[in-house]
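Bear in mind these aren't lab numbers, they're just calculated from the coordinates by the rules spelled out. Please read all numbers here as calculations on a predicted model, not as lab measurements. Positions of Cβ are generated from backbone atoms using ideal geometry, with glycine treated the same way; all protein chains shown enter the neighbour counts.
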Amino acid sequence: MSLDLWVLYALMLKSRLFEEAIAKLWHDGLISGEMHLGTGEEAIIAGVVAHLREGDAMALDHRGTAALLMRGVDPALILRELLGYPDGLCGGMGGHMHLFSKAHLAASSGIVGAGGPAAVGFALSAQYLRPGAIAVAFFGEGAMNQGMLMESMNLASAWNLPVLFVCKDDGWAITTQSESVTGGDFIERARGLGVQAVEVDGRDVSEVWKACYSATQRARSGQGPTFLHARCVHFEGHFLGFQLIRMVRDPFREMPKVVIPLTRAFLHPRGAALRERLAGLRKVLESVLATLRDPRRDCANDPVRRARTALHMDEVRLQELENQVKEEVNTTLASALVEVPA
Ligand SMILES: Cc1ncc(C[n+]2csc(CCOP(=O)(O)OP(=O)(O)O)c2C)c(N)n1
């Protein structure tokens, strides 16, 4: 098996275009509830999923759409699920955070850290039922401070299970900067549990692919779990319509929506002491300033763009591939957006 950047780029682009279409449907009000996309994570997902084969399993978090798509789940089924249609992937009952595909041994959960136990369960069953198969858990760095994920890593190490723990670290857990609630270092932490640990640039699909190549070889040959720590950015913040991102993108429209209620709360005759109110206000301002300096605003961090740049030497092939992927996504959208007969 050798690295093919064209294949990886096609996977990433398809996912990006598909998720951009989802974003548009969400903004148009056709998809209800919150929407967490994987835009910015594509290099990590593609670099890992490209190594998976029949019998391998995936435990996903609340951003599972890209992984399912890259794994080969019918995108029309995913889309119809997000739209809440009864013929969606999970009968329209799961939504984007609870996507399952039995055929692909893939399960998602909106419970932060829950991918750990699920992946360990998948891996344990693989040891008995599908020797040579592996399980992958995808999760954000916020999950690294959840006990059940640590317990899962411990058990995977103790039982030498074929698991890949993939941490997609964007530095934020909603509005909490993860370093402010994290002790020590993730790599050291994984090693402390006896798990092989590797640091990669999660914006670079080739780097992820190479690291994952060794990790999957190890797992398949019975040498136990690996923890992959990959940094990335989420261009849309925590979810679509994320207030802090909206504020820095369109301050004139968005600022009043925040400043007016904040000022009202600050001047309210009842409530916390002045010192506490000032501290709260300072925290909000710090978050806005941190978002202004945020790597989410720098397109050099875009993994899809980076892979494209690496393929730039063959512009004709690039255009052909992009046209093909665009057509594929458009065809899917057209077929998936047909209303369900009443
Ligand atoms: C056990 C649990 N605690 C809290 C939440 C609420 N919650 C949803 S997403 C999220 C942040 C997760 O951050 P991270 O794991 O870094 O993933 P990211 O959203 O950045 O991809 C939190 C706290 C939850 N869903 N489950």
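Based on the reciprocal of the average 1/r between different C-alpha atoms, the Kirkwood radius for the chain equals 21.2 Å.
Model label sites at Glu254 and Lys210, defined 7 Å from Cα along the beta-carbon direction, differ in position by 3.7 nm. Which FRET efficiency value, to the nearest 0.05, do you get for Lys283 and Gln217 by plugging their Cβ-Cβ distance into 1/(1 + (r/R0)^6) with R0 = 56 Å? Approximately 0.75, to the nearest 0.05. From helices alone, the chain scores -15500 deg cm²/dmol at 222 nm; the rule is -39500 (n - 2.57) for each run of n ≥ 4 DSSP H residues, then divide by the residue total. Here the chain is treated with +1 on each Lys and Arg Cβ and -1 on each Asp and Glu Cβ, and its dipole about the Cα centre works out to around 880 debye.
Under Stokes-Einstein, with the Kirkwood radius over Cα pairs as Rh, the value for segment 186-342 at 10 °C and 1.306 mPa s is 76 µm²/s. Positive end of the dipole of segment 165-278 (Cβ unit charges, origin at the Cα centre): among Trp172, Pro251, Phe266, the Cα lying farthest that way belongs to Phe266. Rounded to the nearest 20 debye, the dipole size of segment 66-218 about its Cα centre is 540 debye, using +1 on the Cβ of Lys and Arg and -1 on the Cβ of Asp and Glu. Residue order for His51, His96, His312, His104, fewest other beta carbons within 10 angstrom first, comes to His312, His104, His51, His96. Taken as entire DSSP H runs, the helices of the chain that both span 18 Å or more between Cα atoms along their own long axis and average 0.0 or more on the Kyte-Doolittle scale are 5-27, 115-129, 251-267, 274-292.
Could you quote the convex hull projected area for segment 252-318, Cα atoms only and averaged over all directions, in nm²?
Quarter of the Cα hull surface area: 6.9 nm².
Our analysis of segment 194-267 gives Rg over Rh at 1.33, with the two radii drawn from alpha carbon positions and Rh computed by the Kirkwood formula. When only alpha carbons are used to place a centre, segment 79-148 and segment 235-280 end up 35 Å from one another.
Computed extension length for Arg293-Lys24: 94.2 nm, one decimal, from 0.36 nm per residue of separation with the Cα-Cα distance subtracted.
For segment 1-122, just run the numbers: alpha carbon Rg, then divide by 2.2 N^0.38 Å, N being how many residues it has. In units of the globular-protein estimate, segment 1-122 measures up at 1.02.
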